[in-house]
Amino acid sequence: MELSNILLPSHSVEVTVSVRDENLKATDLILRTVIETGFKDGVFKIIAPIYHGKVYNFHIDEYLLVTFSSPDPSSKDLFSVKCRIVDRNFAHNLSTIKLMVVDKPTKVQRRQSFRVNIYNTYTFNFRNSNYELMTKDISSSGMLALSTIQLPSNTIIEITFDANPKPKEALDSDYQDYKIFKIRCRILDSMPQVEIRRYLNRIQFEGLTETESQFLIQYLYAKQTEILHLNPEISQKITSYFDHEDDNFIDIYSTEYKRLQVFGLIGTVGIFIAFVMLLFSRPKKMYVLDYFFDFYRPQFWKSEYLFGALIVAIIIVILDLIGLTLNLREIRKNNSTIHWPLLLTLMIALSIIIFVYIVTSINQLPLF
């Protein structure tokens, strides 16, 4: 498959990334966007997708799946290809992501509809009376909308859809009359919303021509990116978001972070064991009753426990140095921050080594 003939500028694609939900369960997050520059020499650029009203924060060297439609116009097949993020950029009020293809395209089985939160009002006729639909979100295949009446399932209504992203009177409008067309809507279900005295309708679009579907998708993409232009300060906010958010970001699900957590856990347990050994190595304290009953307690440090604490502390120092070396590599790639538990356990382990050395020197105890 020749990707240079498929991954072309302005073509729609889906980006799939792996995320964790509140239960730490891995799920796939699907984001929709368009290609900014076409495929060449193994790389191409996409416009950074919007998620929850802001640009989704991707990271350099992160892997994701890009899903695109079949090169055959008569086929509805979809394909996905694994990519690695090699660069991010923000210029001319547009955030872009540069991707490098790292695997061969594979065929995928299904596609979710592109859905955008849009609050429009449409008029429809039902039983010779006119009513209004107030949309909550619209996708390429249907919408969620509120109505003042409950509509029976499988009811067919018709709305007039304006696929022009901007009104005709807007200064930069490219308004076209042919982008206004009728959409046949089937009511899948209509659920009462008691608190607001409305009915929430799941609606499926039917009978869209290929041209009308293209106009609808273009409209949804335009509305998705419209937030970038609503606020005159949005460009500065996005630039700041891209430039500085990674400074304190820690990916707690990465392999590197988990490895550092293991080193930190081993260090913490080792410190506890070393402290216990130091407690057992102390000379026994004499009490008043000991003198009364002439009970003898050893008044010297136990070298075997001191030796054990020293060995454990040395092992902790070695492991912490290895962990901090790995941590330093991640910091140089701007993917992490200093792992303080490793640094803390390293300092404590060094203190234990110094303490054992002082005690053995003062008391002239042989450790080896």
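Observations on the structure shown:
- Residue in segment 190-199 that is exposed (fewer than 11 other Cβ atoms within 10 Å of the Cβ), over 24 Å from His52 (Cα atoms) and acidic (Asp, Glu) present: yes
- Restricting attention to segment 200-224, the residues that are open to solvent by 60 Å² or more (accessible area, probe 1.4 Å) and touching a strand residue (DSSP E or B) at 6+ places or on another chain (Cβ under 6 Å) add up to 3.
- Looking only at segment 6-46, residues that are aliphatic (A, V, I, L, M), open to solvent by 50 Å² or more (accessible area, probe 1.4 Å) and either assigned to a loop (DSSP other than H, G, I, E, B) or modelled with pLDDT of 80 or more (or both) come to 2 in all.
- Near pairs, Cβ below 6 angstrom, 6+ apart or cross-chain, from segment 339-368 (closer than 21 Å to Val269 by Cβ) to any residue that is at pLDDT below 85 and among the polar types (S, T, N, Q): His339/Asn327
- Taking segment 159-187 as the range and being surrounded by 14 or more Cβ atoms within 10 Å (Cβ to Cβ) and assigned to a strand (DSSP E or B) as the test, the residues that pass are Ile159, Phe161, Asp162, Phe181, Ile183, Cys185, Arg186, Ile187.
- A Cβ distance below 6 Å, combined with a sequence gap of six or more or placement on separate chains, defines the contacts here; from segment 125-142, residues that are open to solvent by 20 Å² or more (accessible area, probe 1.4 Å) reach residues that are outside any strand (DSSP E or B) and aromatic (Phe, Trp, Tyr) in the pairs Ser140/Phe114.
- Qualifying strands (runs of 3 or more DSSP E) (wholly inside segment 72-153; at least 2 residues being among the polar types (S, T, N, Q) and either modelled with pLDDT of 90 or more or closer than 17 Å to Gln204 by Cβ (or both)): 121-126, 129-139
- Taken together, the residues in segment 323-339 that are modelled with pLDDT of 75 or more and surrounded by 14 or more Cβ atoms within 10 Å (Cβ to Cβ) amount to 5.
- Checking each residue in segment 340-368 for being at pLDDT 85 or above and among the β-branched types (Val, Ile, Thr) picks out Thr345, Ile348, Ile352, Ile353, Ile354, Val356, Ile358.
The values are calculated or read from the model by the stated rules, or taken from the named source; none is laboratory data. Remember, predicted model here, so these are calculated numbers, not experimental data. Positions of Cβ are backbone-derived with ideal geometry, glycine not excepted, and every protein chain shown enters the neighbour counts. Accessible surface is based on the protein model in full, side chains and every heavy atom, while ligands, DNA and RNA are left aside. Shrake-Rupley method; radii C 1.70, N 1.55, O 1.52, S 1.80 Å.
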